[in-house]
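Here you go, one structure.
The values are calculated or read from the model by the stated rules, or taken from the named source; none is laboratory data. Computed from a predicted structure; not experimentally measured. Here the Cβ positions follow ideal geometry from the backbone for every residue, glycine too, while neighbour counts run over all protein chains shown.
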Amino acid sequence: MSVTNEQVRHIAKLARIAMSDEEIERLVPEINNILGWVEQLGEVNTDGVEPLTAVIPNKLRLRDDAVTDGNKRDDILANAPVAEHGFFAVPKVIE
Amino acid sequence: MSELTSLTIAQLRNGIRAGDFSAREVAEQYNAAVASARMLNAYTVETPDDALAAADAADKARGSGELGSLAGIPLGIKDLFATRGVNTTAGSSILKDFKPRYESTVTENLRRAGAGMLGKLNMDEFAMGSSNETSTYGPVISPWRRSDGGNAALAPGGSSGGSSAAVSAGIAPAATGTDTGGSIRQPAAFTGICGIKPTYGRCSRWGIVSFASSLDQAGPMAKTVRDCAIMLEAMAGFDPKDSTSLDLPVPKWEAGLSSDLKGKRVGIPKEYRIDGVPADIGALWDRGIEWLRDAGAEIVEISLPHTKYALPTYYIIAPAEASSNLARYDGVRYGLRVEGSGGLDGMYAATRAAGFGAEVRRRIMIGTYVLSAGFYDAYFTKAQKVRTLIKQDFTEAFEKCDLILTPTAPSAAFGLGDKTADPLSMYLNDVFAVPASLAGLPAMSVPGGLDEQGLPLGLHLIGRELDEQGVLNAGLAIEERAAFTAKPQRWW
C-alpha cells in the first residue's frame with residue numbers, strides 16, 4: 001500500500017497538524033518509504049496468533065471508589081497558555 | 001582535593017559516609033564541571049542549588065547515621081522526567097515553558113534516597129531519535145572523538161544523549177535515562193558507559209512524558225555495573241499511580257552482585273549476525289563470549305527467528321502509541337499555543353505544526369495512518385500479532401539459556417548529520433535493542449572495548465522477565481574482564 005497526497009492531507013487533518021502543500025509533497029515519499037519497509041510483516045504467518053496486549057502479565061488493578069485527590073485547580077491551570085476565571089480558555093466556538 | 005568527579009557512585013557514597021570528603025564538596029565540584037562543559041550542550045537547565053541542598057542535607061544527616069542509598073549524590077535527570085518547578089520539555093518546543101507542579105515517581109524515589117539534581121539533560125524530542133539531533137535545543141555533542149585527529153562532532157546516541165554525554169564527560173556521576181526502543185542502551189554503548197533498562201513495569205512511568213506507553217521504561221546510566229544496581233534499586237518500585245507498575249518488592253541488586261556465572265547458560269542468537277556490521281563489532285562479540293565462558297557460563301547457540309521483523313513491528317507500534325499520547329498537546333492545558341486561523345480547530349493545527357519538530361510530526365503522521373479506519377488491522381493489529389511471536393521467540397530461547405549476549409548497536413557513534421537525511425537508516429541503528437523492548441525484558445549495555453577509530457563499543461545482555469540480577473551479574477563479569485578504562489580526551 002502507498003499513500004497519495006490527498007491521503008497525507010487527510011492524515012494531517014486527523015492528526016490536527018497544519019501542513020503546507022510543500023510539506024505534504026515532502027512527506028509522501030518519506031511515509032511511503034517507511035510503509036514499504038514495514039510491509040515486510042506481510043511475510044509473517046500470523047494465523048491464529050493473538051495480538052499482544054500486555055507485555056508482562058499483570059492484573060489490571062481496581063482501587064476503592066474513593067476520592068484520593070483534588071483541590072488542585074490552581075496547580076492544573078498554572079501551565080495553561082490562557083486561563084480565565086478558574087477555567088481553561090479556548091478560542092470562541094459558539095457565536 | 002582530588003577530582004571527585006572521577007569517582008563512581010559507590011565510591012562517592014562510601015567516601016561521604018566515611019567522612020573522606022563532604023557531600024558539599026562533591027556537589028560543588030560537579031556544579032563547576034557542569035558549568036565548564038556547556039559546549040557539549042548536554043544540560044538544558046542547570047540546577048546547582050538543588051544539588052547543594054541535597055548535599056547539605058546529607059552532610060547534616062551523616063552524624064545521625066541515617067543516610068539514604070544516594071545521600072548527597074548529585075544526578076543528571078533526563079528532561080523527560082517531570083521535576084517540580086523546573087522546566088520539563090521532553091526536548092520539544094511545544095513544552096518549552098512547562099514547569100510541572102509535581103515530581104515524577106522515579107525522581108521522587110531518587111530524592112527520597114537522598115540524591116540531588118545537577119540539572120535536566122538534553123534528549124531527542126519526545127525521545128524519538130537515536131542521535132539526540134531531533135531536540136529543539138540542538139544536538140548534544142559527544143565528548144568522544146575519533147582517533148584520526150579529525151574533529152568531527154559525533155552523536156552521543158539517543159534518545160538519552162544528554163545523559164550518556166554527561167556521564168562519559170564526567171559532568172554527572174550517573175543519570176536517569178528512558179528506553180522505548182534502545183534509548184538507554186545505544187547511547188550508553190556510544191559513550192563507553194553502562195545502562196540498564198529493567199523489566200517493563202519495574203519503574204513507574206508516572207510523571208515521565210509519554211512516548212509509547214507499552215514500551216517506555218526508565219533506567220539508570222552510570223559508569224559501572226555496580227552504580228547501575230545502586231541507582232536502579234532507588235528508582236524502581238511499585239506505584240499505584242501507574243496501572244502497569246509491577247506490585248513486587250525491589251530486589252537488593254547491589255548486594256546480589258556476583259560475577260561467578262557457573263551454572264548459567266548464555267545464548268548467542270544466530271539471527272543477530274547480520275550483514276554490514278563492522279568486523280570490530282563481531283570481534284568484540286566473540287571476546288564477550290569468551291569472557292562469559294571464562295566466568296563459568298556455558299555458551300549455547302539459540303534462534304530468535306522473528307528478529308528481522310522487530311524493527312518494522314516497532315515502527316508501527318511506537319508511532320501508533322505516540323500519535324495517541326501526543327494528542328494531549330492541544331494548546332489548551334499546557335505548553336505552546338499558536339492562535340492560527342479558523343477557531344479552535346485552527347488553533348490546534350497551528351499549535352501542533354509550530355510545536356512539534358519534523359521527526360515527531362513524521363511519527364504522529366505514521367501513527368495516525370496505521371490507526372485510521374481501514375488500515376488498523378492491516379498495520380496495527382498485524383504488528384501486535386508479530387509482537388506476540390517476537391515475545392514467544394524469547395520465551396522459547398529462555399528454555400535453552402538464562403541470558404542472551406549480543407552487540408548493543410550495529411555501529412560505533414556516527415557523525416552528527418550522517419543519518420538525518422534518511423529516517424530509515426537512523427531507525428536501523430536500534431536493530432539489536434528493539435526486540436528486548438518489544439518483549440518487555442531487562443537488558444543492559446556494558447562497554448567492551450574500542451573500535452579501530454578509538455570509539456567505544458558495547459555488549460548487550462538480555463535477561464528473563466524480572467531477572468535484572470542475572471543481567472547485572474553477567475554485566476559485571478564482562479566489566480571485570482573487559483577492563484574498559486578509556487575516557488574521552490577533554491577538548492571542551
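Any residue in the range B:227-241 that is more than 14 Å from chain A (Cβ to nearest Cβ) and part of a loop (DSSP other than H, G, I, E, B)?
Checked the range B:227-241: at least one residue is more than 14 Å from chain A (Cβ to nearest Cβ) and part of a loop (DSSP other than H, G, I, E, B).
Would you confirm whether or not the range B:37-47 contains a residue that is among the aliphatic types (A, V, I, L, M) and surrounded by fewer than 16 Cβ atoms within 10 Å (Cβ to Cβ)? Write out each step before concluding.
Taking the range B:37-47 and keeping what is among the aliphatic types (A, V, I, L, M), we get B:37, B:39-40, B:42, B:45.
Next cut, surrounded by fewer than 16 Cβ atoms within 10 Å (Cβ to Cβ) only: B:39.
Within the range B:37-47 (the criterion being among the aliphatic types (A, V, I, L, M) and surrounded by fewer than 16 Cβ atoms within 10 Å (Cβ to Cβ)), the answer is yes, since at least one residue qualifies.
Report, by residue number, each residue of the range B:324-334 that is touching a residue at least 12 places away in the same chain (Cβ under 8 Å), surrounded by fewer than 24 Cβ atoms within 10 Å (Cβ to Cβ) and facing another protein chain (nearest Cβ under 7 Å).
Hit for the range B:324-334 is B:Tyr334, nothing else.
How many residues, within the range B:87-114, are under 21 Å from the mean Cα position of the chain (by Cα) and within 20 Å of B:Lys241 (Cβ to Cβ)?
The number of residues fulfilling the criteria is 12.
Would you confirm whether or not the range B:268-290 contains a residue that is touching a Phe, Trp or Tyr at 6+ places or on another chain (Cβ under 8 Å), more than 14 Å from every other protein chain (Cβ to nearest Cβ), surrounded by 19 or more Cβ atoms within 10 Å (Cβ to Cβ) and not hydrophobic (A, V, I, L, M, F, W, C)?
yes
Can you name the residue in the range A:40-64 that is among the acidic types (Asp, Glu) and at pLDDT 95 or above and, of all such residues, is surrounded by the fewest Cβ atoms within 10 Å (Cβ to Cβ)?
Taking the candidates together, the pick is A:Asp47.
I need every pair where a residue in the range B:340-355 that is more than 7 Å from chain A (Cβ to nearest Cβ) and in a helix (DSSP H, G or I) has its Cβ under 7 Å from the Cβ of a residue that is modelled with pLDDT under 95 and surrounded by 15 or more Cβ atoms within 10 Å (Cβ to Cβ), sequence separation at least 6 or different chains.
B:Gly346/B:Gly340
What are the residues in the range A:39-53 that are facing chain B (nearest Cβ under 8 Å) and in a loop (DSSP other than H, G, I, E, B), if any?
A:Val44, A:Thr46, A:Val49, A:Glu50, A:Pro51, A:Leu52, A:Thr53
Looking at the range A:7-19, can you tell me whether even one residue there is surrounded by fewer than 13 Cβ atoms within 10 Å (Cβ to Cβ) and more than 7 Å from chain B (Cβ to nearest Cβ)?
No, every residue in the range A:7-19 fails to be surrounded by fewer than 13 Cβ atoms within 10 Å (Cβ to Cβ) and more than 7 Å from chain B (Cβ to nearest Cβ).
Does B:Leu118 satisfy being assigned to a strand (DSSP E or B) and more than 26 Å from B:Arg333 (Cβ to Cβ)?
Spelling it out, B:Leu118 is indeed assigned to a strand (DSSP E or B) and more than 26 Å from B:Arg333 (Cβ to Cβ).
Taking the stated definitions as given, is B:Thr134 more than 30 Å from B:Ala23 (Cβ to Cβ), crowded, with 24+ Cβ neighbours inside 10 Å and touching a Gly at 6+ places or on another chain (Cβ under 7 Å)? If you could, list the steps in order and put the result at the bottom.
Values: more than 30 Å from B:Ala23 (Cβ to Cβ): yes; crowded, with 24+ Cβ neighbours inside 10 Å: yes; touching a Gly at 6+ places or on another chain (Cβ under 7 Å): yes.
So B:Thr134 fits the description; yes.
Cβ-Cβ distance below 6 Å, separation of 6 or more or different chains: which pairs start in the range A:1-16 with a residue that is among the aliphatic types (A, V, I, L, M) and end on one that is in a loop (DSSP other than H, G, I, E, B)?
If the second residue must be in a loop (DSSP other than H, G, I, E, B), the pairs left are A:Ala12/A:Met19.
Given the options B:Ala486, B:Ala436, name the one that is in a helix (DSSP H, G or I) and either touching a residue at least 12 places away in the same chain (Cβ under 8 Å) or surrounded by 19 or more Cβ atoms within 10 Å (Cβ to Cβ) (or both).
The match here is B:Ala436.
Report, by residue number, each residue of the range B:204-249 that is of a type in the set (Val, Ile, Thr) and touching a helix residue (DSSP H, G or I) at 6+ places or on another chain (Cβ under 6 Å). If you could, list the steps in order and put the result at the bottom.
Start the filter on the range B:204-249 by keeping residues that are of a type in the set (Val, Ile, Thr), which leaves B:208-209, B:224-225, B:230, B:244.
Result: B:Val225, B:Ile230.
May I pose another question? Can you confirm whether the range B:366-379 contains a residue that is closer than 14 Å to A:His10 by Cβ, free of Cβ contacts under 8 Å to residues at least 40 places away in the same chain and assigned to a helix (DSSP H, G or I)?
So far as the range B:366-379 goes, yes, one or more of its residues are closer than 14 Å to A:His10 by Cβ, free of Cβ contacts under 8 Å to residues at least 40 places away in the same chain and assigned to a helix (DSSP H, G or I).
Does A:Ile17 satisfy being assigned to a helix (DSSP H, G or I) and not charged (D, E, K, R)? Walk me through how you get there before you give the answer.
Values: assigned to a helix (DSSP H, G or I): no; not charged (D, E, K, R): yes.
It is false that A:Ile17 is assigned to a helix (DSSP H, G or I) and not charged (D, E, K, R).
Right, something else. Residue under question is A:Glu30, and the condition is that it be of a type in the set (Asp, Glu), within 8 Å of another protein chain (Cβ to nearest Cβ) and over 27 Å from B:Gln217 (Cα atoms); does it hold?
yes
Out of the residues in the range B:356-379 meeting the condition of being among the β-branched types (Val, Ile, Thr) and either under 15 Å from B:Pro312 (Cα atoms) or more than 7 Å from chain A (Cβ to nearest Cβ) (or both), tell me which one is surrounded by the fewest Cβ atoms within 10 Å (Cβ to Cβ). Write out each step before concluding.
Here is the first cut: in the range B:356-379, the ones among the β-branched types (Val, Ile, Thr) are B:360, B:364, B:366, B:368, B:370.
Retained after the next criterion (residues that are either under 15 Å from B:Pro312 (Cα atoms) or more than 7 Å from chain A (Cβ to nearest Cβ) (or both)): B:360, B:366, B:370.
Working: B:Val360: 30, B:Ile366: 28, B:Val370: 24.
By that ranking, first place goes to B:Val370.
Follow-up question, since we're still on this one. With respect to A:Asp64, is the statement that it is at the interface with another protein chain (Cβ under 7 Å from one of its Cβ atoms) and either more than 16 Å from B:Tyr314 (Cβ to Cβ) or assigned to a helix (DSSP H, G or I) (or both) true? So that I can check it myself, show each step before the final result.
Details: at the interface with another protein chain (Cβ under 7 Å from one of its Cβ atoms): no; either more than 16 Å from B:Tyr314 (Cβ to Cβ) or assigned to a helix (DSSP H, G or I) (or both): yes.
The answer is no for A:Asp64.
Based on what the data block shows, is B:Pro187 more than 14 Å from chain A (Cβ to nearest Cβ), closer than 25 Å to B:Thr485 by Cβ and part of a loop (DSSP other than H, G, I, E, B)?
Values: more than 14 Å from chain A (Cβ to nearest Cβ): yes; closer than 25 Å to B:Thr485 by Cβ: yes; part of a loop (DSSP other than H, G, I, E, B): no.
Taking the combined requirement at face value, the residue does not satisfy it.
Something else now. Kindly evaluate B:Tyr376 against the criterion of being in contact with a Ser or Thr (Cβ under 9 Å, 6 or more places away or on another chain) and aromatic (Phe, Trp, Tyr).
No; evaluated as a whole, the condition is false for this residue.
How many of the residues in the range A:78-91 are assigned to a loop (DSSP other than H, G, I, E, B), more than 7 Å from every other protein chain (Cβ to nearest Cβ) and out of contact with any strand residue (DSSP E or B) (no Cβ under 8 Å at 6 or more places or on another chain)?
Number of matching residues: 2.
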